[in-house]
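A.B. asks: Dropping the structure in here first, questions after.
The values are calculated or read from the model by the stated rules, or taken from the named source; none is laboratory data. What you see is a predicted model; the values in this text were computed from it and never measured. As a convention, Cβ positions derive from the backbone with ideal geometry for all residues, glycine included, and neighbour counts pool all protein chains shown. Please note that ligands, DNA and RNA were not included when accessible areas were found on the heavy atoms of the full protein model with its side chains. Shrake-Rupley method; radii C 1.70, N 1.55, O 1.52, S 1.80 Å.
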Amino acid sequence: QVQLVESGGGLVQPGGSLRLSCAGSGRFFSVSVMGWFRQAPGKQRELVAQISGAGTTTYKDSVKGRFTISRDNAKNTVYLQMNSLKPEDTAVYYCNLPAGLRYPWGQGTQVTVSS
């Protein structure tokens, strides 16, 4: 069973940057397509970026050009580099499979963009 642990969130001013990490355990993590999700208060969880095992990436339109998803399969870790952050990026960020039967959700990491 894959376990997911997200980290790297925090409080940042608009225009700032953060790098999130998602550490996964389990033998299938490195070959799985992985995604980063976020959930703002009162809103549904949404997929913002995903990456295949080979490194192919896709992004939600609102984060294109600002966020970069990457992975290090040797470390079973997926990253989300977030630049030019906006207040509307404030949310709890999670990683998981983009669709289908997902792994158990981790605790997420809080990102707050505020001056």
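A.B. asks: Assuming a ≥ b ≥ c are the square roots of the Cα gyration tensor eigenvalues, decide whether the stretch 1-47 counts as rounded (a/c under 1.5), prolate (otherwise, with a/b larger than b/c) or oblate.
C.D. replies: prolate
A.B. asks: Take peptides 82-92, 39-49 and line them up by average Cβ neighbours within 10 Å, highest first, as a rough protection proxy.
C.D. replies: The most tightly packed comes first, giving 82-92, 39-49.
A.B. asks: Over the chain, what relative contact order in percent results from Cα pairs under 8 Å that are six or more residues apart?
C.D. replies: Relative contact order of the chain: 37 percent.
A.B. asks: From the Cα gyration tensor of the chain, with a ≥ b ≥ c the square roots of its eigenvalues, which class applies: rounded if a/c is under 1.5, or else prolate if a/b is larger than b/c, or else oblate?
C.D. replies: Prolate is the answer for the chain, as a/c is 1.5 or above and a/b outweighs b/c.
A.B. asks: About the Cα centre, and with charges only on the beta carbon of Lys, Arg (+1) and Asp, Glu (-1), how big is the dipole of the stretch 1-71? Nearest 20 debye, please.
C.D. replies: The calculated dipole for the stretch 1-71 is roughly 40 debye.
A.B. asks: Here's something else I'd like to know. Give the carbon-plus-sulfur fraction of the accessible surface of the stretch 17-115 in %, rounded to a whole number; probe 1.4 Å, heavy atoms of protein chains only.
C.D. replies: 50
A.B. asks: Which residue, chosen from Thr58, Gln39, Tyr79, occupies the Cα position most advanced towards the positive end of the dipole of the stretch 31-81, where the dipole is computed from +1 (Lys, Arg) and -1 (Asp, Glu) charges on Cβ about the Cα centre?
C.D. replies: Gln39
A.B. asks: Taking chymotrypsin sites (Phe, Trp or Tyr not before Pro) as exposed when DSSP calls them loop (any state but H, G, I, E, B) and at most 14 other Cβ atoms lie within 10 Å, what is the longest stretch of the chain free of them, the sites themselves excluded?
C.D. replies: The segment 29-104 is the longest one with no such site.
A.B. asks: In Å², and per residue, what accessible area does the chain have when probed at 1.4 Å with the other protein chains present?
C.D. replies: 52
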